[in-house]
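To start, the structure under review is shown below, and the notes come after it.
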Amino acid sequence: MAKREIDSAISADLKAASADSFADSIKMLDISEIMPNKDNFYSVSDIELLAEDIERQDLKHNLVVAKDKDSGKYWLISGHRRLEAIKFLINEKRRQSTKVPCIISGEKSQAECRLDLIMLNATQRKYTDKEVMSEYEQLTETLKQLESEGKKLGGRMRDIMAKILNVSKSQVGKIDNIKHNAVPAVEQAVKSGKMSISTANEVARLSPEKQKDIAEKKPDISHKEVKEIQKSSPPPLKNAPAVKSSAAKTDSGKTAPNSEIEHTKPKYAPCTLSESEAEVLMRYIEQLAKIASKDDITVINGIKERLIKA
């Protein structure tokens with residue numbers, strides 16, 4: 001047999017094997033076996049319109065699921081609108097069969113399925129900053145959970161998130177700034193679609209009082225207007241100024257020289273936080289607690305308790 005014939009035969013066998021493998025991954029599942037991902041934050045709208053289309057020409061695209069390692073049921077990765085449309089037709093007595101064709105994407109944990117869900121949608125065109133913000137929150141939690149399950153991510157967190165979310169690293173940096181420095185009202189304005197990520201990133205550089213005022217009175221403020229406010233407002237203080245003192249008493253009752261005072265004074269002076277400042281600090285501490293080492297977690301929890309009691 002000629003070499004070309006052998007190569008053609010091998011190629012045909014590989015194609016057949018691939019086709020069989022794909023066919024084996026498709027299975028008819030009852031809708032009761034499919035668990036919609038509770039972490040799905042993408043819009044599930046126009047169900048009745050989709051239901052009419054499915055009723056007219058049947059389901060043209062398979063659902064994508066993964067078998068849950070614990071329950072034996074299946075997590076839904078792709079097809080939330082299609083599944084809801086099928087359920088609608090069944091409830092309306094317009095469909096008899098409760099089974100739908102599904103592509104089985106292996107056996108995975110809920111965190112792995114959540115990551116698949118985000119990656120599947122992140123490769124599509126983004127419609128609003130609201131969805132990007134939601135993806136960021138879900139992805140942050142998912143990556144931490146995968147790390148706790150022993151999955152190695154590899155690379156810097158910002159680089160990984162930018163790649164998965166299909167956005168620039170600077171966009172991830174802006175969201176980081178919002179999460180760590182914006183008051184809750186500003187973050188909520190982004191989530192509700194009233195403020196863009198770019199504008200919220202600039203608002204987060206203002207004092208907590210000004211942030212709250214903008215979010216409550218004018219959440220649709222323009223990027224240019226925020227820049228103007230920044231020019232006329234002093235930047236918020238990063239650290240409280242140190243307390244100065246010219247002298248102190250020694251054990252013998254005499255006045256100590258200034259050099260000794262400088263050596264013993266605290267690095268940071270005590271300060272009183274406003275309510276909005278305390279809210280921002282509490283949110284930052286909660287984020288920090290998720291990634292802190294065992295040695296630091298006791299100290300961080302102590303700070304949280306003091307903030308709660310304040």
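Taken together, the values in this text are just the output of simple stated rules run on the coordinates, not laboratory data. Nothing here was measured: the structure is a model prediction, and the numbers come from that model. Positions of Cβ are generated from backbone atoms using ideal geometry, with glycine treated the same way; all protein chains shown enter the neighbour counts.
Brief remarks follow.
- Using θ = phi - 60° and Karplus 6.51 cos²θ - 1.76 cosθ + 1.60, couplings along segment 162-177 (whole Hz; Gly, Pro as x): 4, 5, 5, 7, 6, 10, 6, 5, 5, 5, 5, x, 5, 5, 4, 5
- Translational D in µm²/s for segment 20-108 (Stokes-Einstein at 4 °C, 1.567 mPa s, Kirkwood Rh from C-alpha pairs): 96 µm²/s
- Extended-chain gain in nm, criterion 0.36 nm per residue less alpha-carbon gap, E55 and R156: 31.6 nm
- Derived scalar couplings ³J(HN,Hα) [segment 202-211; Karplus, 6.51 cos²θ - 1.76 cosθ + 1.60; whole Hz; x for Gly, Pro]: 6, 4, 5, 8, 8, 5, x, 5, 5, 4
- With each label modelled as a point 7 angstrom along the Cα→C-beta vector, the D30-E107 pair spans 2.2 nm.
- Charge tally around S192: other residues with Cβ under 13 Å, Lys/Arg +1 each, Asp/Glu -1 each, net -2.
- The trypsin sites (Lys or Arg not before Pro) of segment 24-118 meeting both criteria, a DSSP state outside H, G, I, E and B (loop) and at most 12 other C-beta atoms within 10 angstrom of the site's C-beta, are K38, K60, K69, K93, R94.
- What the Cβ-Cβ distance of A278 and M119 gives, at R0 = 35 Å and to the nearest 0.05, is a FRET efficiency of 0.45.
- M35, M161 arranged by Cβ crowding within 10 Å, fewest neighbours leading: M35, M161
- For segment 125-237, fraction of C-alpha pairs farther apart than 18 Å, in %: 51 percent
- Sparse packing (at most 12 other Cβ atoms within 10 Å of the Cβ) combined with a DSSP loop state is found for the following trypsin sites (Lys or Arg not before Pro) in segment 128-224: K152, R156.
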